[in-house]
Amino acid sequence: MRASDSITITPVANTLPFSRVPHPPATDYASPMRIAVTGGAGFIGSHLVERLLSDDHHVLCIDNFDPFYPAPVKLANLADVLHHPHFTLSSIDLCDANALSDSLAQFQPNTLFHLAATAGVRPSIERPMTYVRLNVDATQTILSASLRHGVKRLILAGSSSVYGKDQPTPFREEHASDIPQSPYAATKRAMELLAAAHAAVHPVTITVCRLFTVYGPRQRPDLAISRFVRAMLAHQPITVFGDGTFSRDFTYVQDTVEGFLAAMHAPSGFHVYNLGAGKPFSVNELVSTIERVMQTQAIIRHAEEQKGDVPTTFACTQRAEQQLGWSPRIDLEEGIRRFVAWMQSANPVYFQVGEPWSLGIPIDDS
Ligand SMILES: NC(=O)c1ccc[n+]([C@@H]2O[C@H](COP(=O)([O-])OP(=O)(O)OC[C@H]3O[C@@H](n4cnc5c(N)ncnc54)[C@H](O)[C@@H]3O)[C@@H](O)[C@H]2O)c1
């Protein structure tokens, strides 16, 4: 049984009066706007949705509550917005071109954030076809449907994984990104290339925001910070892969969301921006930070380095600073403090997550 079968999620018909007004040009930001967010029930997407609603925009959340981790967690992510009068939920699969077309025709967004994806490096090695379908095919479906429905500006969630493992640090957007180290990274790069080609032949503005290990309340349960804090709250051991010297440019979700908002003002055409903290920490330093904040000592087990993992990620944020006026604000210690405080009083559903990729994704990867 798929996790999403255990709850009832029906496509919600749009209850707003839809006038078929001409789409504003990409540079017109008169509020409120009509904004679609794919993957809006996920970790980062749900924060973005909340923020857009608080800025008075009308938001269409497109999310099929895929079984990468349990659907009840994603419903909980949306708990504070489900009944917001400017919020519309469309629980369709992006690969269903007809359903997507109907959804966009009804809502008529002028801007679309594309965050839906199957994320995670390690499971992509076991299920590469799933990643191709959900990250590559679905991206082209979104691009084509957006064009048909007059969406003039698209902002895509890219990934630091496209830089691979042999780049000089910090990673700059113009660095080569042609030797991905996992199927996940390859699909995120393929997404960028499809988007670049699309923007080259159609009058649309596409901005790719390359995200660097995002964390904060509701973080995906497969990611290290969520795993570590949940385990440490339960006095269980944590698993550190390798010797803990691999480093990541951990970025607090609020900074990521601010970066997405800044990207709504990106120059026209196709552009790529790093949205990272610009200050990597090793896994060992991360564990020490969590220990300090929680005032407890982790029980650490070491396991072999994982295939597909790269030794470091490190964003140069100069381009985003100069062109978008964005820079990260929340340092690791403060971010961990906020995350631990949230986790200590979080809905129990955030602890009932199992192993995300053992839930079974219903696609044959043979
Ligand atoms: N979290 C990170 O550290 C990080 C780092 C780099 C890039 N990213 C990118 O950011 C985006 C969001 O990541 P996240 O961590 O919030 O992941 P998430 O898994 O929490 O959210 C993704 C959402 O997309 C939905 N979805 C997946 N396939 C779909 C489909 N075919 N149709 C409709 N909905 C679908 C899922 O149900 C989920 O709610 C992804 O594109 C990911 O690749 C995330």
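Cβ-Cβ contacts under 7 Å between residues 6 or more apart (or on different chains), taken from a first residue in segment 174-194 that is among the β-branched types (Val, Ile, Thr) to a second residue that is surrounded by 17 or more Cβ atoms within 10 Å (Cβ to Cβ), are listed as Ile179/Gly164; Thr187/Tyr131; Thr187/Val132; Thr187/Asn135; Thr187/Val136. In segment 191-210, the qualifying residues are those that are in contact with a Ser or Thr (Cβ under 6 Å, 6 or more places away or on another chain) and assigned to a strand (DSSP E or B), and the one that is farthest from the ligand (Cβ to nearest atom) is Thr205.
A count restricted to segment 303-317 and to residues that are closer than 18 Å to Tyr252 by Cβ and assigned to a strand (DSSP E or B) stands at 1. Going residue by residue through segment 223-239, is there one that turns out to be assigned to a helix (DSSP H, G or I), closer than 30 Å to Thr296 by Cβ, near the ligand (Cβ under 10 Å from one of its atoms) and in contact with a helix residue (DSSP H, G or I) (Cβ under 6 Å, 6 or more places away or on another chain)? No, that holds for no residue.
With respect to the conditions (1) part of a helix (DSSP H, G or I); (2) within 14 Å of the chain's Cα centre (by Cα), Pro217 falls short on a single one, namely (1).
You will find that of Ala266, Ala346, the residue that is touching a helix residue (DSSP H, G or I) at 6+ places or on another chain (Cβ under 9 Å) and crowded, with 19+ Cβ neighbours inside 10 Å is Ala266 and no other. Residue count for segment 219-238 under the criterion of being aliphatic (A, V, I, L, M) and under 11 Å from Val287 (Cα atoms): the result is 5. In summary, helices (runs of 4 or more DSSP H) completely within segment 88-179 and bearing 2 or more residues that are more than 16 Å from the ligand (Cβ to nearest atom) and either closer than 19 Å to Asp63 by Cβ or at pLDDT below 95 (or both) occur at 97-107.
Table: residues versus (1) surrounded by fewer than 19 Cβ atoms within 10 Å (Cβ to Cβ); (2) near the ligand (Cβ under 10 Å from one of its atoms); (3) part of a loop (DSSP other than H, G, I, E, B); (4) modelled with pLDDT of 95 or more.
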position	(1), (2), (3), (4)
Thr8	yes, no, yes, no
His23	yes, no, yes, no
Ile35	no, no, no, yes
Leu53	no, no, no, yes
Phe68	no, yes, yes, no
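Does Leu75 satisfy the criteria of being under 30 Å from His265 (Cβ atoms) and not in a loop (DSSP other than H, G, I, E, B)? Here the answer is no, as Leu75 does not meet what is asked.
The values are calculated or read from the model by the stated rules, or taken from the named source; none is laboratory data. Given the structure is predicted, the values throughout are model-derived calculations rather than measurements. Quick reminder, even Gly has a Cβ in these numbers, built from the backbone with ideal geometry, and neighbours come from all protein chains shown.
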